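Here is the structure we will look at.
Each reported figure results from applying straightforward, stated rules to the coordinates on display, with no laboratory input. Since the structure is predicted, the reported quantities are computational estimates derived from the model, not experimental observations.
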Amino acid sequence: MDMNKIVAQRIMEAREAKGLYQKNIATALGLSTNAYNSIENGKTNLTVNVLYKISEILQLPVSALLNINQKSINSIVITQNNNGTLYFQISDEQMEQLIENQKNKKKGEV
């Protein structure tokens, strides 16, 4: 799976959803329209800097262009990658609190 082409497709879809033309993005990036077209067609590998600039222009987080869903709930970070795998990050303290809450629910205390 060519991730560059997947990200390029997401950029194109986001640009079109905003009603922008390739020329608009190219100008904002200081690129020719042809050079930007190569980005959207997946012919040019994106650098982190260019991806970040595109995300700013489209007013979208980089995670949206990379199709990474990330939510933070009380210091718990949930990340979903392109393949649908969920990753959870939680502090030891949060984990202890969750376990304690579950124990209390079973006892009927919560």
- [ ] Using Cα positions and a limit of under 27 Å, work out the lysines in reach of K103, with same-chain residues fewer than 8 apart set aside.
- [x] K71
- [ ] Percent of Cα-Cα pairs per 5 Å bin, from 0 to the last occupied bin, for the stretch 2-74, please list those.
- [x] 3, 17, 30, 28, 12, 4, 3, 1, 1, 0
